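**Student:** Take a look at this one; I'll ask things after.
The values are calculated or read from the model by the stated rules, or taken from the named source; none is laboratory data. Owing to the predicted nature of the structure, the values given are computational and were not obtained by experimental measurement. Cβ sites come from the backbone with ideal geometry, for glycine too, and all protein chains shown count toward neighbours.
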Amino acid sequence: MREYSKQNKKAWEYNAYEFWVKQSGTPEERAKQDVENPVKMLRKYATYFDTYEGIKVANICGSCGKKAIPLSLLGAEVTVFDISEDNKRYAMETAAAAKTELNYVVGDVLEIDLNTYGGYFDVVFMEGGILHYFHDINEFMQVMYAMLVPGGKLICSDFHPISKINDVLHLGNIFTGDYFSTDIYEEEMAHARFYPEEIRSQMPKCSYRRYNLSEIINGVIDSGFVMQRFDEHPAWENDKVPGEFTIVAKK
């Protein structure tokens, strides 16, 4: 496992299970919401799936299963790839409470066993902002391409790179000086802000590489994908600016 992956794993296994219980409820409480309306729980991402029944979905950095479990309830065969054992524990307990099946592989996404998973999935799906955890976007996209069957679909939703220009998303001031920066930097993990300062200051940091838009798009194209759609979505905290984007591409 890469050194920066080890660092990120340490961060994402720091009280992660307890955080999800506090943020999303117990696995039983979360499962009830998933079962009641799985399409609603997928939110805007539901529009990017042509069908659910019988398809094989790789949920990259699927975390606590918040999108994987609704997909499974809708009939998909879902495999989550994530670096955190704590995330797996919450996801698997929630799936059990929802009475649905979920596969979960813990490890470095860039070291996915392609003898097993190469050309296996109909859809590779990621959301919630995960690209910055990987220091080489081209290597990452090549692995995603290798996992798909011919004609398979990539659904990649992530933070909009405008955050490198403007701090409207409150992600910090790391990039206010240079949109084209290729620096690696350390910063708090995503949910550190929800903890009291005395705990927050002790939490392990993650190693990030924040990309600009052309790097992301070219990473998709250069890996062999044919882009079909690019959508921009409003920021949660300021709907006058983009906060996320979604790329849909085919193998």
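**Student:** Please tell me if Thr51 is surrounded by fewer than 24 Cβ atoms within 10 Å (Cβ to Cβ), among the hydroxyl-bearing types (Ser, Thr, Tyr) and outside any helix (DSSP H, G or I). Break it down into steps so the answer makes sense when it comes.
**Tutor:** Numbers: surrounded by fewer than 24 Cβ atoms within 10 Å (Cβ to Cβ): yes; among the hydroxyl-bearing types (Ser, Thr, Tyr): yes; outside any helix (DSSP H, G or I): yes.
Against the criterion (surrounded by fewer than 24 Cβ atoms within 10 Å (Cβ to Cβ), among the hydroxyl-bearing types (Ser, Thr, Tyr) and outside any helix (DSSP H, G or I)), Thr51 qualifies.
A quick yes/no check of all residues on (1) under 17 Å from the mean Cα position of the chain (by Cα); (2) among the β-branched types (Val, Ile, Thr):
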| position | (1), (2) |
| --- | --- |
| Asn8 | yes, no |
| Tyr14 | no, no |
| Ala31 | no, no |
| Val39 | no, yes |
| Asp50 | no, no |
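**Student:** Please report, ordered by residue number, the strands (runs of 3 or more DSSP E) entirely within the stretch 191-251 with at least 1 residues that are closer than 24 Å to Phe180 by Cα and of a type in the set (Val, Ile, Thr). Spell out the reasoning first.
**Tutor:** Numbers: elements: 206-208, 226-234, 242-250.
Qualifying strands (runs of 3 or more DSSP E): 242-250.
**Student:** Of all the helices (runs of 4 or more DSSP H) wholly in the stretch 63-160, which have at least 1 residues that are surrounded by 23 or more Cβ atoms within 10 Å (Cβ to Cβ) and of a type outside the set (Ser, Thr, Tyr)? Quick ask: steps written out before the conclusion?
**Tutor:** Values: elements: 68-73, 85-97, 114-117, 137-147.
Ranges flagged: 68-73, 85-97, 137-147.
**Student:** Among (1) over 19 Å from the mean Cα position of the chain (by Cα); (2) basic (Lys, Arg); (3) surrounded by 13 or more Cβ atoms within 10 Å (Cβ to Cβ), which single condition is Arg209 missing?
**Tutor:** Result: Arg209 passes all but (1).
**Student:** Can you pull out every residue in the stretch 206-235 that is among the aromatic types (Phe, Trp, Tyr) and touching a residue at least 60 places away in the same chain (Cβ under 8 Å)? Explain how you work it out, then say what you get.
**Tutor:** Initially, the stretch 206-235 is screened for residues among the aromatic types (Phe, Trp, Tyr), giving 208, 211, 225, 230.
Within the stretch 206-235, Tyr208, Tyr211, Phe225 qualify.
**Student:** Here's something else I'd like to know. List, please: which pairs have Cβ atoms under 9 Å, are six or more places apart or on different chains, and start with a residue in the stretch 1-28 that is among the basic types (Lys, Arg) and end with one that is surrounded by fewer than 18 Cβ atoms within 10 Å (Cβ to Cβ) and modelled with pLDDT under 90?
**Tutor:** Lys9/Met1; Lys10/Pro204; Lys22/Phe194
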